Amino acid sequence: MASNAWGGASGPRAGFWARVGAGIIDAIIVGIVPGIIYAATKNQSLESLLSLVIGISYTTYLEGGPTGQSLGKRVLGIRVIDASTGGPIGFGRGAIRYVVAIVSAIPCALGYLWMLWDREKQTWHDKASTSVVVPVSQYPVQ
C-alpha cells in the first residue's frame with residue numbers, strides 16, 4: 001500500500017485512460033434522467049438545469065463521501081483522496097471538484113489534459129480541491 005491510514009498520497013496515480021473511462025460511465029449515468037426529460041418535453045432549459053443539479057449532487061455525494069468513488073471510478077478501480085492526508089475530501093471539496101471540472105472542459109479540455117504533464121498527475125479540479133485520483137489497489141477504501 002502506498003499510504004498508511006490517512007497518511008497522505010505518495011505513490012501511484014490513476015492513469016489518464018482510467019479517468020476518461022470513469023468519466024464516460026459517470027456522464028452516461030448522470031445524463032439518463034435529463035435525457036429522458038428532454039425527450040419528453042423538448043425543454044432544453046429544464047434538461048440543462050436537471051443535468052447541473054444531478055451532476056453536482058452525484059459528484060459531491062459520491063466523490064466527497066468516505067470511499068471517494070463515483071460509480072464510474074468504482075468500476076475502473078480508482079478513487080479520489082485528499083492529497084495531503086490520504087483521507088476523504090468531504091462534500092464541500094467534492095462540490096468544488098464538480099464546478100471546476102466544468103471550467104476544466106471549457107478551454108478545449110485543457111484542465112483535464114493538464115494531468116498528462118503535471119508531476120502529480122492532477123487536473124485543474126484536482127488542484128482546486130487539493131485531491132488526487134489514485135488506484136484502489138494501492139489506496140484501498142478504509
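Give the peptides 112-125, 68-81, 38-51, 91-104 in descending order of average Cβ contacts within 10 Å, highest first. Don't skip to the answer; put the middle values down first.
Details: 112-125: 16.4, 68-81: 21.9, 38-51: 13.1, 91-104: 18.1.
Ranked by mean Cβ neighbours within 10 Å, highest first: 68-81, 91-104, 112-125, 38-51.
Given 0.36 nm per residue, what is the gain on full extension from Val141 to Gln44 after removing their alpha carbon distance, in nm? Provide the component values of the computation, followed by the final result.
Working: separation 97, 0.36 × 97 = 34.92 nm, distance 3.86 nm.
31.1 nm is the gain from fully extending Val141 to Gln44.
Excluding Val136 itself, calculate the net charge of residues whose Cβ lies under 12 Å from the Cβ of Val136, where each Lys or Arg counts +1 and each Asp or Glu counts -1.
Local net charge: +3.
Let's test the formula: R0 of 22 Å, r as the Cβ-Cβ distance of Ile54 and Asp118. What FRET efficiency results, to the nearest 0.05?
Details: r = 29 Å, r/R0 = 1.32.
For Ile54 and Asp118, the calculated efficiency is 0.15.
As a test of the formula, what do you get for the chain when each DSSP H run with n ≥ 4 contributes -39,500 (n - 2.57) and the sum is divided by the residue count, at 222 nm and rounded to the nearest 500 deg cm²/dmol? Before the final figure, lay out each step's value.
Numbers: 6 runs with 77 residues, N = 142.
That calculation yields -17000 deg cm²/dmol at 222 nm.
Give me the 1.4 Å probe accessible area per residue for region 48-142, excluding ligands and nucleic acids, in Å².
With all protein chains present, region 48-142 gives 47 Å² per residue.
Helix 90-105 versus the longest principal axis of the chain: what is the Cα-based angle in degrees, 0 to 90, to the nearest 10?
Compared with the principal axis, the helix lies near 70 degrees.
Quantify, in whole percent, the carbon and sulfur part of the accessible surface of region 32-83 (1.4 Å probe; protein heavy atoms only). Display every interim value, and only then the final one.
On the way: 1870 of 2690 Å².
Taking all protein chains in place, region 32-83 shows 69 percent carbon and sulfur surface.
Stretch Ile36-Phe16 to full length: gain in nm at 0.36 nm per residue minus the Cα-Cα span?
Working: separation 20, 0.36 × 20 = 7.20 nm, distance 3.03 nm.
Full extension from Ile36 to Phe16 adds 4.2 nm.
Order these peptides, 127-137, 56-66, 16-26, by their mean beta-carbon neighbour count within 10 angstrom, highest first.
Packing order, densest peptide first, comes out as 127-137, 56-66, 16-26.
Measure nothing fancy, just the Cα-based angle from helix 44-63's long axis to the longest principal axis of the chain, in degrees from 0 to 90, nearest 10.
20
The values are calculated or read from the model by the stated rules, or taken from the named source; none is laboratory data. None of the values given here were measured: they were computed from a predicted structure. Note that each Cβ is placed from the backbone with ideal geometry, even for glycine, and that neighbours are counted across all protein chains shown. When the accessible area is computed, the model is the full protein with side chains, heavy atoms only, and any ligands, DNA or RNA have been set aside. Shrake-Rupley method; radii C 1.70, N 1.55, O 1.52, S 1.80 Å.
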